[in-house]
Every structure is written in C-alpha cells, then in structure tokens.
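Please read the structure below before turning to the comments.
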Amino acid sequence: MNKLGIILWLAGIAYIRCGEEPKPPTVKPTKPAPPPKCDGGWKKFGDKCYKKTSLAPAIECEAGWTAAQHDQMCYKGSSDLRNFIEAKDYCVKEGGTMACASTPVENAFLFNYMAEQKYLAVWIGGSLDMKDKWSWLDDSEWGMAAWVDGKAPDTKTSRCLQLHGKSASIKPNWRRYWTGENCENAKTAVVCKKKPNKVTPADLDRKLHAGKK
C-alpha cells in the first residue's frame, strides 16, 4: 500500500504525518435499461421498437375483380370463348376495357393472372390500326413486345393480339408469348380491366416507440 507523507507546520515546528493514499470515490455501475417488449406487430431494432405502415394504397374492386397494385386497376377474366370484337364488347359491358401489356410489369402480371385462372390463351387490347401499326386500346405507348419467334405476325390475317400461357401446346416455345390472330375467326378467353371503386392513399407515417405500453 502506498504511503503519503504530509508536512505540517505547527508553532514553527515541522511535523510529518503519515497516512494512506486517499481512495477515489466509489461509483456504482449503472444498470442497462431492460430491452423493450416489441409485441403487437412491432419489431425490435437496437433498443427501440419499429412498426412500418404499408406504402401501397388500398384498392377496392367489385366482387369477382382482382386488384392490381402496379397500376391501381381492377382485373377480371372470362373463360367464355369469344372473338376479338365480342371480347372487346364484353369488357365494355362490364364497365371497363380489354387489358393491355404496354410495360414488362403489366405483361408479367397478365401472364401470372392467366396461370392463376388456368387460361391457355386470352385476348388483350392490342391490334393493328389502319396504318398497320400495333396499338393499345387504352392509348398507352407501344413500348414492348413479346412475339413468338421474336417477330410480329403477318399483318394481312393476324391483326389482333393474344397472350399464350404455360400450357399452350401447338409449339413448345409458345409458352408465355404473344401471337397475332384472326380477329373474327379465332375465339378464346379475355382479360378486362377497369378503375376501382375506391383507392385509399398510402399511410406514409413511420411509427416509433420505446417499447412502453
């Protein structure tokens, strides 16, 4: 143990006082805060609980219609066999129009919808206009194509667009491809789309709390 000598001057006489080195004050260790309880849909991250609300708007469609988040529209298919004109009229009577595949996202959605409904092929809203250019009924830009064999069909007889699903059997490479068909003679199913009854905007808030109820 270290010793400490302290000189004291009392009445002109020097005295030496010996003693122990003073000890530092005792500091009690602080206890860490208990981890938060993250229940009720909250997730723990570090010492806090987080809950992320959905960014996707809530889409309300009529019974029998499927809501799609990619374009906030409602979709419905019919397996009844119709030619292109009949299919177009059917969609109009249902309050909508024929579905279109102007983007890769829309294209993938329609093929997945076909697989769910077990459709082998469907009409969608693509056809040749008076100038022999392919266009969509909803006036969206013709931005992509997925033709069988990689090329557009003969414009003389194949002027309306069909999607072929996984089980199309005439040619193996017809799976998930487009074909041009005769608008009047060919008959198949159709997929329609229309606006939803209601779209509730997404809640952009991020909720945070310290685990206390």
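We did not get these values from a lab; they are worked out from the coordinates using the rules stated. Remember, it's a predicted structure, so these values are computed and weren't measured experimentally. Ideal geometry is used to build each Cβ from the backbone, glycine not excepted, and the neighbour counts take in all protein chains shown.
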Asn112 versus Ala145, label points 7 Å from Cα toward the beta carbon: distance in nm?
2.6
Taking the Kirkwood radius as the inverse of the mean 1/r across Cα pairs, report the Rg/Rh of segment 65-194.
0.92
